[in-house]
1. Given the options Asp207, Asp156, name the one that is more than 23 Å from the chain's Cα centre (by Cα), surrounded by 16 or more Cβ atoms within 10 Å (Cβ to Cβ) and of a type outside the set (A, V, I, L, M, F, W, C).
2. Considering (1) without any contact (Cβ under 8 Å) to a residue 60 or more places away in the chain; (2) under 28 Å from Leu185 (Cα atoms), say which one Arg254 fails and leave the rest.
3. Taking the criterion of being touching a helix residue (DSSP H, G or I) at 6+ places or on another chain (Cβ under 7 Å) and farther than 30 Å from Glu52 by Cβ, would at least one residue in segment 238-257 satisfy it?
4. For segment 26-102, which strands (runs of 3 or more DSSP E) that fit wholly inside it have 1 or more residues that are modelled with pLDDT under 95?
5. Give me the pairs: first residue in segment 103-125 and touching a residue at least 12 places away in the same chain (Cβ under 8 Å), second residue buried (at least 18 other Cβ atoms within 10 Å of the Cβ) and among the basic types (Lys, Arg), beta-carbon distance under 9 Å, and six or more apart or on different chains, which are they?
6. Search segment 177-194 for residues being without any contact (Cβ under 8 Å) to a residue 24 or more places away in the chain and under 20 Å from the mean Cα position of the chain (by Cα), and hand back the single one that is farthest from Ser295 (Cα to Cα).
7. Quick one: how many residues across segment 40-68 are surrounded by fewer than 20 Cβ atoms within 10 Å (Cβ to Cβ), in contact (Cβ under 8 Å) with a residue 60 or more places away in the chain and either among the basic types (Lys, Arg) or closer than 21 Å to Leu142 by Cα (or both)?
8. Quick one: count up the residues across segment 164-185 that are more than 24 Å from Ser72 (Cα to Cα), in contact with a helix residue (DSSP H, G or I) (Cβ under 9 Å, 6 or more places away or on another chain) and in a loop (DSSP other than H, G, I, E, B).
Amino acid sequence: MLAAAALSASALTLTLPAQVQAADGGHILAHVMPTDHIFNSVSEQFISKLDELSGGTVNIEYHPGGDLGDWSTITEQVMQGALPMTMAWSNSELDPRLDIANLGYVADDWESATKVYGPGSQMDNLFAEIYDGLNVELLGTLPTDFTGYVVRKGVDVPVKIPQDSKGFKIRVPNYPMAIDRYSALGFSVVPMAFSEVHTALQTGSIDGRAFSPPYEVLMFRDVLRAYVYTRESFEPTFWIASKSWLANLSDQERAWVREAADYATQWAWDNAEEFSQGWLDKIQAAGIEVLEQDSAQAAAYKKTVMEVEWPIMEGLLGKKIMSDLKETAGL
């Protein structure tokens, strides 16, 4: 969920009529992830498909790697109409209902994740409704991965929870549901900005970091002993477009953009599991142990998380939405 090394802004370009060109000659698609992340592959699929549909008349100026700012800043610029498109994470400061993107155990595997979050799903439609109220259009709900927690060198790995978690200092993002989850699991919770995590792991101020998808584990490879892949949350991400930008396109251009985005979003769902396994292989190759809970440990962990979080979301979204979600998820 963070910016990585900036890459060249001129990476991928096409061409567009002057009346709808951006200042530098193209419509900007910007995100913060590097070129080995699924965001980059989805962007390439989108640009290629848009080129095919438009006959090379629609120009996308592509900015991966965070060279236009951090993800929350880029998101705000898209909401304000200053940038056309981005791919980013949920931010409950914009709408508290977006915390449902962090809700635990909505899906347990890739098949159920696709059913719950994939194109045309209940959650996809709910996210579209939420973002519609934020002056953007949701072009697609994108899969990234399931999450777990990392453990630094020099401490025991907590796997049996809550027996092993007592006294284990774990970093969580600073929002209430994250704090409540890991407190209920018996950890010593340390809310902390992501930018401080590496130093905190090095110094021992924290022993681990929660809500970690596989693609972020190697950012801390020098200090990590293990990765516990609990799959406790699925991490959907959001491809959003400025409504004002879309309104300034012609009907045909707007249709091309949406069709290309649908194509690239489906490609993401078809290929995300392969990306995930690739990251797990890289983690193990780096000498970091990948651990999973046995069935009894996983069941107890899941029960605790759901008892804490699902009532909170029911208060925000209503009983019907949560009941429908449980039915869709097979819970």
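1. Details: Asp156 fails: surrounded by 16 or more Cβ atoms within 10 Å (Cβ to Cβ).
Being more than 23 Å from the chain's Cα centre (by Cα), surrounded by 16 or more Cβ atoms within 10 Å (Cβ to Cβ) and of a type outside the set (A, V, I, L, M, F, W, C) holds for just one of Asp207, Asp156, which is Asp207.
2. That leaves (2) as the condition not met.
3. Scanning segment 238-257, I find no residue that is touching a helix residue (DSSP H, G or I) at 6+ places or on another chain (Cβ under 7 Å) and farther than 30 Å from Glu52 by Cβ, so the answer is no.
4. Working: elements: 27-30, 60-63, 85-88.
Here the list reads 85-88.
5. Within 9 Å, the pairs are Gly104/Arg181; Gly104/Lys302; Tyr105/Arg231; Tyr105/Lys302; Ala107/Arg231; Asp108/Arg231; Asp108/Lys302; Asp109/Arg231.
6. Initial filter on segment 177-194 (without any contact (Cβ under 8 Å) to a residue 24 or more places away in the chain): 179, 183, 188-193.
Then drop every residue that is not under 20 Å from the mean Cα position of the chain (by Cα), which leaves 179, 191-193.
Details: Ile179: 25, Pro191: 29, Met192: 31, Ala193: 33 Å.
Looking at the filtered set, the residue picked out is Ala193.
7. 3
8. Here the count works out to 2.
The values are calculated or read from the model by the stated rules, or taken from the named source; none is laboratory data. Keep in mind that this is a model prediction, so the values were computed, not measured. Quick reminder, even Gly has a Cβ in these numbers, built from the backbone with ideal geometry, and neighbours come from all protein chains shown.
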